[in-house]
Amino acid sequence: MTQARSTRPGLRAVITATAAAALANSLLWAWPAHAAPGAHGPNGEHLDAPGAAVNASGLARLPDGSVNVPKLAQRRMAIRTVLAPESEAAATVEMPGRVVMDPNASGRVQAVHGGRIEPGPQGLPVAGRSVKRGEVLAYVRHHAEPYAQGAQQAQLTELRAQRQLAEQRLARLEGLEGTVPRKEIETARTEARSLAERERSIGGSLVAREALTAPVSGVIARADLAVGQVVEPRDVLFEVVDPTRMLVEATTADARLAARVAGASLQGVPEVSLRLLGASRSLRDGVLPITFAVSASKPGAALPFLPLAIGQPVTVVARSNERIKGVVLPAQAVVRNPSNEAIVWIKSGAERFIPQPVQFRPLDAGTVVVTQGLSADNRVVVQGAPLIAQIR
């Protein structure tokens, strides 16, 4: 009897501990069912998946697709979030384009006649070298055909003999000055001078060379020459461009788009902005060319060398006069999931981030507007989203 009474209190303690553990376990499983602030979709639905266990030990991808990021890791990754208020922004249109030369600030160097290349006073220039207008870049030594060259040499020999005879006759007449008419002396002097000029002209044509000069001040964009190279007439030997003055030619199939453009920028190139110059009135290969001038994005900032190259393909983001509603975010806030779907990361708790599929349109080189997928109380990751997407 004494032994039975001594075991009854221990049994009560075991039952009490078992009930407390069951209650704690039920509370733990019931916790994810309550969504944290900012964890609701655009239609009010809960973004938290029930039953998702959080691994508080470190970085982890949870079974429901969300990511657990501890506070220390968030500071190391420099993660920043903002509330996503809805606003109005200008509608944008993306157009393919390419960088072209400004015809008023660039030029091509071509040889009028064929010949052999000789270096200039400073040697043959290479691509990237700065030149000034009128600077001699190279020479083209002309070579006539063998028969034509032989005919010129024969003509030169004949002119030299005639000049010598004319000079001898002039000398005799000048020695008889006063006994012969002055008219004959002037005639002989003119004839000798004429033969000397013709001889000099023919002799110069046999060794003539053409000087290739820079048409504008700028940078050599193209140089395809070597010493001794033989070139043909009208070959493009050099291209000189002004690095501070370039154009972008975009194409579109909408003939009314040019009238709605309020501004434009280059996707991925925030240093520059575009100014509409005009649109062509005739289609080229089924599309309409639209020309933009390239300038610095910040007023007063100087761009001695634009981060662009002639012929470079670019994407032009044109802002129209139309307005659309959405959430304006930095472009780096939108990333891609393994299915190549555009998503943003929403912070649903102190250390939990949820991927949310969205639809967006670019506004300029560094800003987008999300048109679908976000609600007003979402706290969106605007810095460090690519790092969160890499967590596995």
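Structural remarks
- Put simply, the amide H of residue 210, placed in the peptide plane, has neighbours under 5 Å in 140, 141, 142, leaving out anything fewer than 5 places away on its chain.
- Built amide H within the under 5 Å cut-off of residue 238, gap 5+: 109
- Mean shadow area of region 279-392 over all directions, Cα convex hull, nm²: 11.5 nm²
- Counting protein heavy atoms only, region 157-256 has 50 percent of its accessible area on carbon and sulfur, 1.4 angstrom probe.
- Spin-label pair residue 183-residue 113: with each label point 7 Å from Cα along the Cα-Cβ axis, the two points sit 4.0 nm from one another.
- Annotation: extensible slack from residue 321 through residue 165 equals 47.7 nm (criterion: 0.36 nm per residue apart, minus Cα-Cα distance).
- Of the peptides 111-123, 349-361, the ranking by mean beta-carbon count within 10 Å, highest at the top, reads 349-361, 111-123.
- Between residue 172 and residue 71, the simple spin-label model (points 7 angstrom out along Cα→Cβ) gives 12.0 nm.
- Packing here is the average count of other Cβ atoms within 10 Å per residue, and on that basis the peptides 164-170, 66-72, highest first, run 66-72, 164-170.
- Seen from a random direction on average, the alpha-carbon convex hull of region 318-376 projects onto 4.8 square nanometres.
- Accessible surface calculations at 1.4 Å, restricted to protein heavy atoms, place region 108-194 at 68 Å² per residue.
- Percent carbon-and-sulfur accessible area, region 291-392, ignoring ligands, DNA and RNA, probe 1.4 Å: 52 percent
- When the square roots of the Cα gyration tensor eigenvalues are ordered a ≥ b ≥ c, the ratio a/c for region 229-298 is 1.5 or more and a/b does not exceed b/c, which makes its shape oblate.
- Amide hydrogen neighbours beyond the local backbone of residue 60, cut-off 5 Å, H modeled: 68
- Remark: spin-label model distance residue 130-residue 230 equals 3.9 nm, labels positioned 7 Å along the Cα→Cβ axis.
The values are calculated or read from the model by the stated rules, or taken from the named source; none is laboratory data. Values in this document were obtained by computation on a predicted structure and should not be read as measured data. Neighbour counts run over all protein chains shown; Cβ positions are idealised from the backbone, glycine included. We work out accessible area using only protein heavy atoms, side chains counted, and drop any ligands, DNA or RNA first. Shrake-Rupley method; radii C 1.70, N 1.55, O 1.52, S 1.80 Å.
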